[in-house]
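Below is one structure, written out as structure tokens, with a few remarks after it.
The values are calculated or read from the model by the stated rules, or taken from the named source; none is laboratory data. These numbers come from a predicted model, not from an experiment. As a convention, Cβ positions derive from the backbone with ideal geometry for all residues, glycine included, and neighbour counts pool all protein chains shown. For accessibility, only protein heavy atoms count, side chains too; no ligands or nucleic acids. Shrake-Rupley method; radii C 1.70, N 1.55, O 1.52, S 1.80 Å.
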Protein chains: 2
Amino acid sequence: MSDERRILLAHGNGGRLMRELIEEVFAHHLAGPHLDTRADAVTLPWQTNELVLTTDGFTVQPLEFPGGDIGSLAVHGTVNDLAVSGATPIFLALSVFIEEGFELARLGRIVASLARAAREDGVQVVAGDTKVLPRGECGGLYLSTTGIGRLAREVRIGMDRISPGDRLLLSGPVGDHGISVLLARGDFGLAGKLRSDAASVLPFTQALLGLRGLRFMRDPTRGGLATVAHEIARASRLEVRLEESRIPVRETVRAACEMLGYDPMFLACEGRVVAVVAPEDTECAIAAWRGLPGGTDAAVIGEARSGSHGVVLRTELGGERLLEELEEDPLPRIC
Amino acid sequence: MSDERRILLAHGNGGRLMRELIEEVFAHHLAGPHLDTRADAVTLPWQTNELVLTTDGFTVQPLEFPGGDIGSLAVHGTVNDLAVSGATPIFLALSVFIEEGFELARLGRIVASLARAAREDGVQVVAGDTKVLPRGECGGLYLSTTGIGRLAREVRIGMDRISPGDRLLLSGPVGDHGISVLLARGDFGLAGKLRSDAASVLPFTQALLGLRGLRFMRDPTRGGLATVAHEIARASRLEVRLEESRIPVRETVRAACEMLGYDPMFLACEGRVVAVVAPEDTECAIAAWRGLPGGTDAAVIGEARSGSHGVVLRTELGGERLLEELEEDPLPRIC
């Protein structure tokens, strides 16, 4: 029996096909006691301590965009995977794939930005590797960063701890990164003052670590808020109900989405957190977030409840609709 | 003043241009107490213990070749960077860049090979990430692996510990990997039974860790044995003298090099170690290596001595010549 299926762009969009690819190929062959393909980062025993490990590849086009570039993104993205796992990021390793012909000055600018982001986020880049690819074979520059962090204290969070009634919290507006990158391509003749939200979410995650009712945190990147909601629904075997009117979306993002036919629910963020918190800790969590720089739009956007409908969106008009999992409709590359 | 210099393929070949790129761009911006651009892996404080970290990108063409593929290479390569640092490899993180249109069956074969190599080498793949790139933008598949290891015992090795009179040892023939990959391209109409040497060198590195006179170890990959010899000469401020007649090279490798115009001294290995050992421990080290599977060709190939000529090759005819550092003559991509 021959298997002539091929990789599609949609295998990389964070949605159903990507999940199936990871399960069928990677988890299938690499199964082991520590591998968890659904986790942002993995906690590993290390003699008497524990360390938290994560890795992420970055391929954004264009390489530079308002509010960031592939260098700062590669730091914030990996820092954020550690942060939402309850860890404090400490060390980064950097693997670089460069296309022949790439301008050295541009490379220098991007690496300087990466270094600045590392200083801002409090991590040290301690290992690296560089490969050069023949002209025409690579989209200019790809980066892969691997992060090592330390659990700040006895943190036990995970999707399996989510119960009916728990609230979903979002730390800020969705879609800023996705729309900023799309507009930076210039394909649409649109321009604006919008900047990517790319930044460390560590202040937001640390603000919740002391809450007994903290269940789970995740940063909505590829596949956006909708994909995080689906991951929660699937892993917790609960239904996630989101209130559309409570999800913060900037007016410029909303307008661009309407013009271009995108749904902000599926757009990548690079500096936001979704947290699931017990009802009694919700007010405290939102107050903590709103006190942080960039946290004024933090909101309770929904809840987990018994049910088997996956993700249900209560629309601004008062109706309800099922929010589908991201399928074969890949967005352009934005992270 | 504008800087219009661009990346050349030679910036990736392991030689002088690559060293300068790393110093000028990466080390310049990312300098810190733990970053050492000349090390295979870095030892980091981790509470009361230490951990050893390394990262490496893999872009070999063709993706599958006699004796291995990009999957097994990505495991052995990173395992070996930990091993030559005196560490025992424990965990791997895997970052995958796949081109749209890549055959799923082929991906499965490569990931299965990667998993097999990880089992053989005794490491666990515990974290991963997948990105899909548009068709035509990536050479099929690139991998990046990051490895975490533990120092086996109180190991203190480094190029700064090398003294005049110390011997250079090589664990097996050079060039098997480079020539196997070149022939697998089919460009030359040559074929043979040669297989890549890609494998874990951990048994070879562990066999020497108990020797008081062990100074330094490195696996000759990109840039080959010549590049390792230059790195040693530069960092130790000594001269490295190599005896051409003692450097093991298989007859098929030698013949292919003569036909194709390559120098085996610059060809990549993926399963060999160069060790620098005090004279009194040389015999013991060679005996230990020769007792290992694949170690029958282990040899003393030269020594470090006072002098400022870099790397001097004593030829088989009895003359001496300077072995230049790899310059702007990139070999095809072989790791």
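Taking only C-alpha pairs under 8 Å that are 6+ residues apart, what is the relative contact order of the stretch B:159-322 in percent? Before the final figure, lay out each step's value.
Working: 353 pairs, mean separation 69.8, N = 164.
Computed over the stretch B:159-322, the figure is 43 percent.
Across identical copies of the chain, B:G310 has label-point separations of 6.2 nm, listed in ascending order, with the point defined 7 angstrom from Cα along Cα→Cβ.
Could you work out the mean projected area of the convex hull around the alpha carbons of the protein assembly as shown, in square nanometres to one decimal? Don't jump to the answer; show the numbers that get you there.
Details: hull surface 122.5 nm².
With every direction weighted equally, the projected area is 30.6 nm².
Could you tell me how far the Cα centroid of the stretch B:222-274 sits from the Cα centroid of the stretch A:17-53, in Å? Using only Cα atoms to place each centre, the spacing works out to 38 Å. Between A:E243 and A:R119, 0.36 nm times their residue separation minus their Cα-Cα distance comes to what? Residue separation times 0.36 nm, minus the Cα-Cα distance, leaves 40.9 nm.
Largest mean-square fluctuation among B:V126, B:V79, B:V277, in a Gaussian network model of chain B whose springs join Cα atoms under 10 Å apart, belongs to B:V126. Largest first, the three principal axis extents of the alpha carbons in chain A are 56, 55, 55 Å in whole numbers. Starting from the stretch A:132-179, pick out the trypsin sites (Lys or Arg not before Pro) whose DSSP state is loop and whose Cβ has at most 11 other Cβ atoms within 10 Å. Sites meeting the loop and neighbour criteria: A:R153, A:R156. Taking the protein heavy atoms of the protein assembly as shown in the context of the full set of protein chains, the accessible area attributed to carbon and sulfur is 48 percent at 1.4 Å.
With its label point defined 7 Å out from Cα along the Cα-to-Cβ axis, A:P33 lies at 3.4 nm from the matching points of the other copies, in increasing order.
Determine the shape class of the stretch A:181-335: with a ≥ b ≥ c the square roots of the Cα gyration tensor eigenvalues, call it rounded for a/c under 1.5, and otherwise prolate if a/b is greater than b/c, oblate otherwise. Oblate. The contact residues of the stretch B:138-174, meaning those that lose at least 20 Å² of 1.4 Å-probe accessible area when all protein chains sit together rather than their chain alone, are B:Y142, B:S144, B:T146, B:I148, B:R150. Here each label is just a point 7 Å from Cα along the line to Cβ, and for A:D187 and B:K193 those points are 5.4 nm apart. When the Gaussian network model of chain A links Cα atoms closer than 10 Å, the mean-square fluctuations of A:G57, A:G122, A:G136 top out at A:G136. From helices alone, the protein assembly as shown scores -7500 deg cm²/dmol at 222 nm; the rule is -39500 (n - 2.57) for each run of n ≥ 4 DSSP H residues, then divide by the residue total.
In square angstrom and rounded to 100, what buried accessible area do you get between chains A and B, total over both, with the probe at 1.4 Å?
On the way: alone 16390 and 16390 Å², together 25730 Å².
Summing both sides, the interface buries roughly 7100 Å².
Modelled label positions at B:H34 and A:D36, each set 7 Å beyond Cα in the direction of Cβ, lie 2.3 nm from each other. Of the residues A:P164, A:P203, A:P33, the one that moves most in a GNM of chain A with alpha-carbon contacts below 10 Å is A:P33.
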